[in-house]
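Down below is the structure, laid out as structure tokens.
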Amino acid sequence: MIGKEQIIYKGDNMENKYGFTIREYTIKDYYNSLIGKVYKLLPMFEKNNPTIEQYFKNLMIELSGADKVFMEKKEFLELVNILEGMMLIDSHKDFKSMTFKCISIIQKLLDNKEE
């Protein structure tokens, strides 16, 4: 089993903790889909959608799993922490700000992958 300090890169691909290789384009696609999932929170908040709490929980479960697969990158922990805090926000301005902060963190992961 590969630990977090044993990330193996093969060219632009990454071998994960389960020993299989994740292709670079797959990682990029995942980050892009994650941006969409986080952005979806904003209209849900604005419309006072009653399913937003469950959506938050599902997203945090996904990020917690992704954290393990992607070898415990600190950015995933940061995202989960921000999302947890966002569940307590009442202000539209603050919610919007934190939504875009999350997107910025994911974009940074994506940009680092493209270098």
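Just so you know, all these numbers are worked out from the coordinates, no wet-lab data involved. A quick note: this is a predicted structure, and the numbers were derived from the prediction, not measured. Neighbour counts are summed over all protein chains in view; Cβ atoms, including those assigned to glycine, are modelled from backbone coordinates with ideal geometry.
Structure notes:
- Under a 5 Å amide H cut-off, with hydrogens placed 1.01 Å from N, residue 22 pairs with 14, 15, 16 among residues at least 5 apart or on other chains.
- When peptides 56-63, 41-48 are ranked by their average number of other Cβ atoms within 10 Å per residue, the highest-first order is 56-63, 41-48.
- Only Lys, Arg, Asp and Glu carry charge here, each on its Cβ (+1 for the first two, -1 for the last two); on that basis the range 31-114 has a dipole of about 160 debye about its Cα centre.
- Anisotropy class of the range 31-114 from Cα gyration tensor, a/c 1.5 cut: prolate
- Our coupling estimate for the range 80-89, obtained by passing each phi through the Karplus curve with A = 6.51, B = -1.76, C = 1.60 and θ = phi - 60°, is 4, 4, 5, 4, 4, x, 4, 5, 9, 7 Hz, Gly and Pro reported as x.
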